[in-house]
Every structure is written in structure tokens, then in C-alpha cells.
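Written below as C-alpha cells is the structure these notes are about.
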Amino acid sequence: MLTAHYDELLDIQARSFAGVLSKEDLQAVGTFYASPAGRRLAAAQPQLVQAQMAGTTQWMQGLMPEMQTKIVQIIKAKGWGPGDKPK
């Protein structure tokens, strides 16, 4: 299904890049990705995303107790109880 719409996705991405970067910047990016380092970066993207997601998840889990405490404090300060709707 997605392969039938792949050109549409590429068009959206191309327009996004073109709306933010100049032609010269886009040419420099293309040159970089054609280089050995650029090809290695492109090939490493799945592993990088996976490592970043794992790190972000671990970071968020570390923040959860603090966030939960603050949420409970706000609920108590507002006088909200079970079943109450925020105003």
C-alpha cells in the first residue's frame, strides 16, 4: 500500500527541505551524503534512531517519579478528587 504512495511522501519531504534550506545548502547536503562519511551516516540511521529512542525512554523513566509527584501536588492544590473535572 505505501509503495503506491511513495512518490507523494518523497514530494512532501522534498518540499519540506526546500522550504527550509537554500539550493546551495541542499547541494552541500547531497554532496555530503554522496561522500563515504555521508553513506556511513545514512547506513547507520536505523541504529542511531534505535539508540536514541532507548536513551530517551530511559531518561523519561528517570523523570517519571518527579513528574508524578508534581502532578499529585497540583491535583491536591486544586482540590480535585476522583471523578472531579478540571475547570
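Each reported figure results from applying straightforward, stated rules to the coordinates on display, with no laboratory input. Model, not experiment: these values are computed from the prediction. Virtual Cβ from ideal backbone geometry, glycine too; neighbours counted across all protein chains shown.
Using the Karplus relation 6.51 cos²θ - 1.76 cosθ + 1.60 with θ = phi - 60°, the per-residue 3J(HN,Hα) values for region 64-70 come to 4, x, 5, 5, 4, 4, 5 Hz, with x marking Gly and Pro. The string of couplings for region 20-36 from the Karplus curve (6.51, -1.76, 1.60, θ = phi - 60°) is 10, 10, 6, 4, 5, 4, 4, 5, 5, 4, x, 4, 4, 5, 7, 7, x Hz, one whole number per residue in order, with x for Gly and Pro. For the chain, the set of chymotrypsin sites (Phe, Trp or Tyr not before Pro) satisfying both a DSSP loop assignment and a count of at most 16 other C-beta atoms within 10 Å is given as Trp80. Along the axis of the charge dipole computed for the chain (Cβ charges of +1 for Lys and Arg, -1 for Asp and Glu, origin at the Cα centre), the listed residues Thr56, Ala28, Ile12 are led at the positive end by Thr56. Across region 72-81, coupling constants 3J(HN,Hα) worked out from phi with the 6.51/-1.76/1.60 Karplus curve, θ = phi - 60°, read 4, 4, 5, 4, 5, 5, 7, x, 7, x Hz, and Gly and Pro carry x.
When the Debye formula is applied to the Cα atoms of the chain, each taken as the same point scatterer, what base-10 log of I(q)/I(0) results at q = 0.16, 0.22, 0.26 Å⁻¹? After summing over all Cα pairs, the log10 values are -0.87, -1.15, -1.18.
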